[in-house]
Amino acid sequence: MRQGKVYIVGAGPGDPDLLTIKAAKCLEKADVILYDRLVNPVLLQYAKEGAELVYCGKKPGDHCVSQDDIHDLLVCYARKGNTVVRLKGGDPFIFGRGGEEAEVLVQNGIPFEVVPGITAGIAAPAYAGIPVTHRELSRSFAVVTGHCLSGKPESIRWEHLAKGVDTLAIYMGVKNLPYICRQLLDAGKSADTPVALIEQGTSVYQRTVTGTLGTIVDTAAEQQVSNPAMIVIGEVVKQASALSWFLEKTEEKVCV
């Protein structure tokens, strides 16, 4: 039996039009597609007739398929000679556990390719009118996880981020927003630093709520911001009022 192959594919952040051409071609030839919760279901229309679709979604505290089981499925389907697409929201190598899955494939001698996707840390701010870099406002930016295996991202060197990076794009951090803000404030970041929370970025449900490091925790609670949402911290957030171009689902924007 011929050996199969796995394509670890980024689906982009939500807007189906942001899928890359190469990703679409992979979906069209796949025998099996293992897809995540944050993948826009519209993208599954690219699947060929008869392709097997396997949902592998995870919610915080509710994993219908464990990561170990996903690894086993990738190896099992590939060993049966299938062309397999592992379809992940955003980019598979940016907080998508794509690296772990690639390691398992290497360990089992399964050929694979990685197809990068547009990540929410850049796309969601862009749709909210926020450039993560700007010649006058931001010469550097960092992508940061707001959630770790232990819950709070305690191992992150917040003092370096507070003093050494102009713009922070924080993934999966809404639950830990009070902790994140406190760490940055304690590390010397000004309480007046602008912050944006971009909920369901690039989708038809996108909503942007703004504030500052000193106010955003209360504002997020008042506006009932929920995951998935990107946190963007830095002076570039001020550009949103002038550069906003995407029609959001609500006008309930708060500027403090």
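The values are calculated or read from the model by the stated rules, or taken from the named source; none is laboratory data. Every value quoted in this text rests on a predicted model; they were computed, and no experiment measured them. Here Cβ is always computed from backbone atoms with ideal geometry, including for glycine, and neighbour counts include all displayed protein chains. Surface areas here come from the heavy atoms of the whole protein model, side chains and all, with no ligands, DNA or RNA. Shrake-Rupley method; radii C 1.70, N 1.55, O 1.52, S 1.80 Å.
Given R0 = 22 Å, the distance between the Cβ atoms of residue 238 and residue 140 translates into a calculated FRET efficiency of 0.80. Would you please give the FRET efficiency between residue 67 and residue 106, computed as 1/(1 + (r/R0)^6) with r the Cβ-Cβ distance and R0 = 22 Å, to the nearest 0.05? The computed FRET efficiency comes out at 0.85. The residues of region 70-229 present an accessible area of 45 Å² per residue when probed at 1.4 Å with all protein chains retained. Mean-square fluctuations from a GNM of the chain, with a 10 angstrom spring cutoff on Cα atoms, peak among 108, 176, 82 at 108. Using bins of 10 Å that start at zero, the share of Cα-Cα pairs per bin across the chain amounts to 7, 30, 31, 21, 10, 1, 0, in whole %.
Separation of the alpha carbons by more than 26 angstrom is noted, of 22/88; 88/189; 22/175; 22/80; 5/48; 189/238, for 88/189; 22/175. For region 108-256, the fraction of 1.4 Å probe accessible surface lying on carbon and sulfur atoms is 53 percent. Solvent-free Debye calculation, one equal scatterer per alpha-carbon of region 99-156: log10 I(q)/I(0) at 0.22 Å⁻¹ equals -0.98. For region 1-110, the average shadow cast by the Cα convex hull is 6.6 nm², which is a quarter of the hull's surface. Set the Cα radius of gyration of region 120-256 against 2.2 N^0.38 Å, with N its number of residues, and you get 0.94.
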